[in-house]
Amino acid sequence: QVQLVESGGGLVQAGGSLRLSCAASGSIFRINAMGWYRQAPGKQRELVAGLIFGGSTNYVDSVKGRFTASRDGAKNTVYLQMNSLKPEDTALYYCYANAYASAGSNLRAYWGQGTQVTVFS
């Protein structure tokens, strides 16, 4: 019983920046991890960044040094700061959360609707 609301996508020139936001709400007992996947037409879906709450933050090699993920624990919100954007970053970005909806429920994945990022040169 977790809902995710994403925002921050848009059209940006190569070399520019965007910041994505994802807020989790609803019946939440505990969130173990949050982050983003992305998928471009004709390409396979890939994990861009994942934050394990209380643990590490991991990035796909192609965005290391350019993207930074962070979180606001009090708001159950995560952010993805995207700098030095390249045309190959163009994709639909999906927020996810691995969470328990209640103390007696199983850990499962929840997904946002997706936000489009388009980078032009």
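Odds and ends about this structure:
- A residue that is under 28 Å from Q1 (Cβ atoms) and surrounded by 20 or more Cβ atoms within 10 Å (Cβ to Cβ) cannot be found anywhere in the stretch 57-68.
- Residue count, the stretch 74-89 (criterion: open to solvent by 40 Å² or more (accessible area, probe 1.4 Å) and either closer than 19 Å to Y110 by Cβ or outside any strand (DSSP E or B) (or both)): 9
- Condition check for E46 on (1) touching a Lys or Arg at 6+ places or on another chain (Cβ under 9 Å); (2) open to solvent by 20 Å² or more (accessible area, probe 1.4 Å); (3) touching a residue at least 24 places away in the same chain (Cβ under 8 Å): one failure, at (3).
- The residue that is nearest to G35 (Cα to Cα), counting only those in the stretch 81-121 that are charged (D, E, K, R) and either in contact (Cβ under 8 Å) with a residue 12 or more places away in the chain or touching a helix residue (DSSP H, G or I) at 6+ places or on another chain (Cβ under 6 Å) (or both), is D89.
- Looking across the stretch 100-121, just one residue is open to solvent by less than 90 Å² (accessible area, probe 1.4 Å), more than 27 Å from M82 (Cβ to Cβ) and in a strand (DSSP E or B), and that is Y100.
- V60 vs. criteria touching a Cys at 6+ places or on another chain (Cβ under 7 Å), free of Cβ contacts under 8 Å to residues at least 60 places away in the same chain and aliphatic (A, V, I, L, M): no
- Of the residues making up the stretch 11-34, those that are surrounded by 13 or more Cβ atoms within 10 Å (Cβ to Cβ) and either at positive phi or of a type in the set (A, V, I, L, M) (or both) number 10.
The values are calculated or read from the model by the stated rules, or taken from the named source; none is laboratory data. Since this is a predicted model, take the numbers as computed values, not measurements. Glycine gets a Cβ as well: all are built from the backbone with ideal geometry, and neighbour counts include every protein chain shown. In case anyone asks, the SASA skips ligands and DNA or RNA and just uses the protein heavy atoms, side chains included. Shrake-Rupley method; radii C 1.70, N 1.55, O 1.52, S 1.80 Å.
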